[in-house]
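Just so it is clear, none of the values below were taken in a lab; they were calculated from the coordinates. Bear in mind the structure is a predicted one, so any value in this text is a computation, not a measurement. Glycine gets a Cβ as well: all are built from the backbone with ideal geometry, and neighbour counts include every protein chain shown.
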Amino acid sequence: MSALPAKPKGRCIVVGAGKASAAMAAGLDAAWSDVDLSGVVVTRHGHSVPGRRIEVLEASHPVPDETSQAAALRMLRAVEDLSADDLVIALMSGGGSALMTLPASPMTLADKQAVNRALLASGATIAEMNVVRKHLSAIKGGQLALAARPARLTTLVISDIPGDDPAAIASGPTLPDPSTKADAQEIVRRHAIDLPEAARLVLEQAAETPKPGEIDADVRLLAAPSHALDAAARTARDEGLLPVILGDAIEGEARELGTVIAGIAHSVAKHAQPCPAPAVLLSGGETTVTIGRVPAGRGGRNTEFLLGLAVALTGAPDIWAIAGDSDGIDGTEDAAGALIGPHTLERAAANGLDARAFLAAHDSYTFFDRLGDLVRTGPTLTNVNDIRAVLIAAGNPGTR
């Protein structure tokens, strides 16, 4: 494994959080069988793999639970009393912010759970959410790195963040934090996020997180959304399709992105712009679904994107699409995403389903579940964010 640092003279302590952390820990354990190695990582329920020398905990996502807090405390204890001969390897991937939670005093776990729910419903981007989380935590934003001194520290990351900023992945517990409390307060104001009183107190009075220059950051990127899109493009070429990668860091409202991508697909089909068909439009990143305070149905970013896309395409022939979260779970549901095709709206109407009404109710999961068009992969044990593919196969008869 070329990404690994030099082996330590002393012990190697492994800590980690995220949906890929258990698989990463298993790979490290196997690669370094000759090293005095131990530690603890936490992953989402159902995303674990058998551990050997590294203990694997399972916690709740996207809202933390008691195990999330216990995992954070265990990691802080694991890096206590180390020497300069020891090495700490941090394995960080998407989902780590919720899975490793230690509320800053005087916040409680219930306060932190309320914060996470408010953030998820606010429409804030994942990067904005993590800025707020860092400044309400006693372990994120570089604070785990401070606890590990004087040991050497290397952070291995699998990115689910648009732009691949390592300090934003799992809220950067082992990396310096370039954001400030003022940044967090501005995000809260702009998105009208209703924080518990204890959280507001922390943002006003707590000390700043460690900044660049205060922590030595040896960070190594193992996988990222761009890698997944490149692999998809190679597969498309093998199938005789022209791949067009629109970007690996696309953000914004999921349903609105559906409208934008529909416009591009129409242009390809009708005018061969920006490319001729047959082609596949590929994109990645992490959109948002702004719920606000109105009760919502079931669904995630990818199914809401697809429902918005289907409505905007209005049954256009020869256009199909698939979108899913690379970890196998779209939001909080049991599906990675879904499929649409030229006859999605027609089939929905025949089943008494009003696509626009389901979109307005943020109930995309129910819509696709009733059509039998959900994609269920189960946990993939990695996480490089969402992957969307729109196939424009002009001249070929529709089959869905």
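Worth a mention:
- Under the Karplus curve 6.51 cos²θ - 1.76 cosθ + 1.60, θ = phi - 60°, whole-Hz ³J(HN,Hα) for region 261-267, x wherever Gly or Pro sits: 5, 4, x, 5, 4, 4, 5
- Sorted by Cβ density within 10 Å, fewest first, the residues 108, 67, 155: 108, 67, 155
- Put in order of Cβ neighbour count within 10 Å, fewest first, the listed residues 107, 100 become 107, 100.
- Alpha-carbon centroid distance for the pair region 11-57 / region 64-129, whole angstrom: 17
- Percentage relative contact order, region 1-147, counting C-alpha pairs under 8 Å, at least six apart: 26
- Whether region 225-392 is rounded, prolate or oblate, judged on the alpha carbon gyration tensor where a/c under 1.5 counts as rounded: oblate
- For region 134-271, the gyration tensor built on C-alpha atoms gives an oblate shape. Its axis ratio a/c (a ≥ b ≥ c) is at least 1.5, and a/b is not larger than b/c.
- Beta bridges from DSSP with both residues in region 225-392: antiparallel share about 75 percent, rounded to the nearest 5.
- Exposure proxy ranking, count of Cβ atoms within 10 Å, fewest first, for 275, 12: 275, 12
- Taking amide H as placed 1.01 Å from N in the peptide plane, residue 286 has its amide H under 5 Å from the amide H of 250, each at least 5 places away in sequence or on another chain.
- Computing semi-axes √(5λ) of the Cα gyration tensor in Å for the structure here picks out one of [x] 58, 29, 23; [y] 75, 24, 14; [z] 39, 24, 18, namely [z].
- Listed residues 17, 129, 83: farthest to the positive end of the dipole of region 12-223 (Cβ charges): 129
- Under-5 Å amide H pairs with residue 88, H placed in peptide plane, nonlocal only: 13, 152, 153, 154
- Magnitude of the charge dipole, region 180-271, Cβ model with Lys/Arg +1 and Asp/Glu -1, debye to 20: 380
- Mean separation of Cα contacts under 8 Å, 6 or more apart, over the residue count of the chain: relative contact order %: 15
- Beta bridges by DSSP in the chain, antiparallel share as percent, to the nearest 5: 35
- Using only side-chain charges placed at the Cβ, +1 for Lys and Arg and -1 for Asp and Glu, the dipole size of region 285-400 relative to its Cα centre rounds to 220 debye.
- Three-way shape call for region 12-223 based on the alpha-carbon gyration tensor, with the a/c threshold at 1.5: prolate
- Size of electric dipole in the chain: Cβ of Lys, Arg +1 and of Asp, Glu -1, about Cα centre, debye, nearest 20: 120
- Proximity of backbone amide H atoms, modeled 1.01 Å from N, is registered between residue 245 and 282 at under 5 Å, excluding neighbours fewer than 5 places apart on the same chain.
- The string of couplings for region 377-382 from the Karplus curve (6.51, -1.76, 1.60, θ = phi - 60°) is 9, x, x, 9, 6, 9 Hz, one whole number per residue in order, with x for Gly and Pro.
- Of all DSSP beta bridges confined to region 12-223, the antiparallel ones make up roughly 5%.
- Each residue of region 29-34 was assigned a 3J(HN,Hα) from its phi angle through the Karplus expression (A = 6.51, B = -1.76, C = 1.60, θ = phi - 60°), giving 4, 5, 6, 10, 5, 9 Hz with x at Gly and Pro.
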